[in-house]
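To start, the structure under review is shown below, and the notes come after it.
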Protein chains: 2
Amino acid sequence: MIYLDNAATTLKKPEEVINAVVQAMNSMGNAGRGAHEGVLQAAMKIYGTRKKLAEFFGCKRADHVVFTCNSTEALNIAIMGTLGAEDHVITTQLEHNSVLRPLYRLKKEKGLQISFLPTDEKGDPCYEALPECLKENTKAIISTHASNLTGNVVDAARLGSFAKEHGLLFILDASQTAGVIPVDMEALNADIVCFTGHKSMLGPQGTGGMCIREDVEIAPFKVGGTGVMSYLEEQPSELPTRLEAGTLNGHGIAGLSAAIDYMNVHPERYEAEHAMMQRFYEGVSDIEGITVYGNFSAGLRAPIVALNIRDYSSGEVSDVLFQDYGIATRSGAHCAPLMHKALGTMEQGAVRFSFSSFNTMEETEAAIEAVREIAHRG
Amino acid sequence: MIYLDNAATTLKKPEEVINAVVQAMNSMGNAGRGAHEGVLQAAMKIYGTRKKLAEFFGCKRADHVVFTCNSTEALNIAIMGTLGAEDHVITTQLEHNSVLRPLYRLKKEKGLQISFLPTDEKGDPCYEALPECLKENTKAIISTHASNLTGNVVDAARLGSFAKEHGLLFILDASQTAGVIPVDMEALNADIVCFTGHKSMLGPQGTGGMCIREDVEIAPFKVGGTGVMSYLEEQPSELPTRLEAGTLNGHGIAGLSAAIDYMNVHPERYEAEHAMMQRFYEGVSDIEGITVYGNFSAGLRAPIVALNIRDYSSGEVSDVLFQDYGIATRSGAHCAPLMHKALGTMEQGAVRFSFSSFNTMEETEAAIEAVREIAHRG
């Protein structure tokens, strides 16, 4: 199988990551519950991972790194915990349902107001519309760092500096970038960065989290046992406990820790993924009948190419790619409804090819050839 | 190290469980996102685990098994998703903060009314007080299946039949029993059973979930991407998607699946754990200066013995046990504030010894000797 569905989850993990999970499963207690060796080892591993993540994302405080089971949970916490009835929020049409559905929910239940930045024909947000979206009650800007459909990277620094200028919170969904494109909270003026461990970070499924700037207040989402302050009726107010209830996924976090180490010593990953994505784009874009979506003239991109072949159903193309060529892609609507609307692909969906550094240029060429053949079958 | 903190998390996992996680980390895609081999393999593994869990807990429908990252999340979903402003709930003093804090939160934010069944001197709920707790607006009974402090098992069948008789929901927290004491939703008349994977079920951290009876309505807690019905603004209403947003912990779930297989072929585990617990209880209970908490005359018990030595700080005893004897226990308040209040151990806490089938009778004897020596030091 040629696995080109890395934007859904990276299937191939570094051996170091798997070994770290195995080691944890052989030795780890419950972090924060007690004071014996199993507990202390777990607590050290988890705190150490917070520290690594803080460094990785440019977060000033390790205790402001909160673990969740995926970025959807982090986004729910960030959105439900900061926005209320009187608020207005600015977001983009690139968003995933993990951002849209919490916003729609708050709109329906509490009357949250939402403005969407319009999108240009290449699927980029029209940043110049920011000022006209601004209202008196605007509380936050929420944006993905890259479209999970087109791979276009959002100019987060621009959104961040606009947010800073107008005293807004800036919540960044780094699900598609963390691990492959630098995410520096300070440089981007991001107040909350939500990430997932199992995509470009190459960590285990069931890991993810959020980095929170020092002065940002987020109401608890889940509440429960914390191993500290048991007699308090409310969730303890200190981070990270405030936003973490119940036993953490220590085994997965150990794997994520090893994944960060791996990423830190493999800075060439972006180049490799970008080269395969670029070669694939160039290889397919002049084939007759192919429509490629997104902006390929920009510098930074997530390693994603979404396309359609004539008016063929994206699902069928994806099936043929897998059945006849052993190439795994993803088709359909990609949980990004507004992006499909903007690109005019609501019905057809799109076939998404997404690359990891474990892919090869040979696989990339094979994928180009497969697309060419399917297009030529007529 | 003699690890006797299995009620916090089982440190030793069956090799089959670790192997299953490794295999998943080498081959698993993102369940429900696409249709290629990696995805299908993940989807099959996850659906297969739902089926096994449904059978394990006597849940009629595999699609009514919902995955969460721990039982705290499952309890938050169950409580926040079924109880509202006008409601009254009956619970017990045995509850963990994972039940208490969501209830207190609803009380504070929406005016939920809460009644606690009183507790007898052995730490059991006074079931005969059930009728007087009942109000016109009583919506549910929520109870743990066993105290995480004393190991006392709650008569869930009695609570369940009372709930059925009066048309109440019965939500059961099986965190301390699932995997070691049978939990049959049908036999217990439970409407929702919440469980965690990393304790007696011997699965990975980061796994857990809930089994839901067919006609029970639970409002979504987290919302976001589901891989299906992308154009819907709301979370899809069908279970399990309704209560699962974002990528599941497929790697952990693969481990949990292997853990269920392991449990199914090792029905002798309860006997072994019970025998060690009973021997430990008998060995320590006649040592001068020892107070053991809980009811040891009952049949079923979770494999837990909580004690104090004279008026010694439980934290210090636990430290001595670890430093001088290499015995890992847990001390302090155990996230069960009302149980400590009922037992008069709010200040002192208690030292908890909890057994797994991977412990041995030799370890049990060593723990008895250690307690004897500490008590005799005077």
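Residues in the range A:237-275 that are of a type in the set (S, T, N, Q) and farther than 28 Å from residue B:248 by Cβ: A:237 only. The combined condition, being buried (at least 20 other Cβ atoms within 10 Å of the Cβ) and touching a strand residue (DSSP E or B) at 6+ places or on another chain (Cβ under 9 Å), is not fulfilled by residue A:17. Figure legend. Inter-residue proximity from the range B:233-248: first residues within 9 Å of residue B:66 (Cα to Cα) and away from every other protein chain (no Cβ under 12 Å), second residues part of a loop (DSSP other than H, G, I, E, B) and of a type in the set (Lys, Arg), beta-carbon distance below 9 Å, spacing 6+ or different chains. Indicated pairs: B:239/B:61; B:243/B:222. Applying the criterion of at least 1 residues that are among the hydroxyl-bearing types (Ser, Thr, Tyr) and in the same structural domain as residue A:72 (by TED's automatic domain parsing) to the strands (runs of 3 or more DSSP E) found wholly in the range A:169-275 leaves A:192-196.
When A:274, A:266 are screened for being more than 14 Å from chain B (Cβ to nearest Cβ) and in contact with a Pro (Cβ under 7 Å, 6 or more places away or on another chain), only A:274 passes. Residue count for the range B:199-232 under the criterion of being away from chain A (no Cβ under 13 Å) and surrounded by fewer than 24 Cβ atoms within 10 Å (Cβ to Cβ): the result is 6. Hey, among the residues in the range A:85-102 that are surrounded by fewer than 24 Cβ atoms within 10 Å (Cβ to Cβ), in contact (Cβ under 8 Å) with a residue 40 or more places away in the chain and not in a strand (DSSP E or B), which one's nearest to the other protein chains (Cβ to nearest Cβ)? Going through the qualifying residues, I end up with A:93. Only one entry in B:228, B:216, B:265 is without any contact (Cβ under 8 Å) to a residue 60 or more places away in the chain, aliphatic (A, V, I, L, M) and within 28 Å of residue B:51 (Cα to Cα), namely B:265.
As a summary of the residue check, residue A:274 satisfies the conditions (1) more than 18 Å from residue A:4 (Cβ to Cβ); (2) under 20 Å from the mean Cα position of the chain (by Cα); (3) without any contact (Cβ under 8 Å) to a residue 60 or more places away in the chain except for the one numbered (1). If only residues of the range B:29-45 that are in contact with a Leu (Cβ under 9 Å, 6 or more places away or on another chain) and facing chain A (nearest Cβ under 7 Å) are counted, the one that is modelled with the lowest pLDDT is B:34.
The listed residues are B:364, B:329, B:360, B:345, and the only one of them that is assigned by TED's automatic domain parsing to the domain that holds residue B:273 and farther than 23 Å from residue B:2 by Cα turns out to be B:345. Here A:138, A:196, A:144 are screened, and the one residue that is over 19 Å from residue B:30 (Cα atoms) and within 14 Å of chain B (Cβ to nearest Cβ) is A:144. Pairing residues of the range A:117-132 that are closer than 13 Å to residue A:93 by Cβ with residues that are among the small types (Gly, Ala, Ser), at Cβ distances under 7 Å and at least 6 apart in sequence or on separate chains, gives A:117/A:129; A:118/A:129; A:119/A:342; A:122/A:294; A:123/A:147; A:123/A:294; A:123/A:342. The set of residues from the range A:1-25 being within 7 Å of chain B (Cβ to nearest Cβ) and not hydrophobic (A, V, I, L, M, F, W, C) comprises A:3, A:5, A:9, A:13. Under the condition of being within 17 Å of the chain's Cα centre (by Cα) and among the acidic types (Asp, Glu), the residues counted in the range B:147-191 number 4.
Only one entry of A:313, A:331, A:318 meets the criterion of being in contact (Cβ under 8 Å) with a residue 24 or more places away in the chain and closer than 24 Å to residue B:247 by Cβ, and that entry is A:318. Residue-level check: of (1) surrounded by fewer than 20 Cβ atoms within 10 Å (Cβ to Cβ); (2) in a helix (DSSP H, G or I); (3) more than 9 Å from chain B (Cβ to nearest Cβ), residue A:60 misses just (2). Residue pairs whose Cβ atoms lie under 9 Å apart, sitting 6 or more positions apart in sequence or on different chains, and linking a residue in the range B:354-371 that is aromatic (Phe, Trp, Tyr) to a partner that is part of a loop (DSSP other than H, G, I, E, B) and surrounded by fewer than 23 Cβ atoms within 10 Å (Cβ to Cβ), are B:358/B:12; B:358/B:14.
Residues considered: A:250, A:283, A:299, A:332. Of these, the only one that is over 18 Å from the mean Cα position of the chain (by Cα) and closer than 30 Å to residue B:72 by Cα is A:250.
Do you know which residues across the range A:63-84 are within 24 Å of residue A:31 (Cβ to Cβ), touching a helix residue (DSSP H, G or I) at 6+ places or on another chain (Cβ under 8 Å), more than 10 Å from chain B (Cβ to nearest Cβ) and not in a strand (DSSP E or B)? Within the range A:63-84, A:63, A:64, A:81 qualify.
The values are calculated or read from the model by the stated rules, or taken from the named source; none is laboratory data. Since the model is a prediction, treat every value here as computed from it, not as a measurement. Here Cβ is always computed from backbone atoms with ideal geometry, including for glycine, and neighbour counts include all displayed protein chains.
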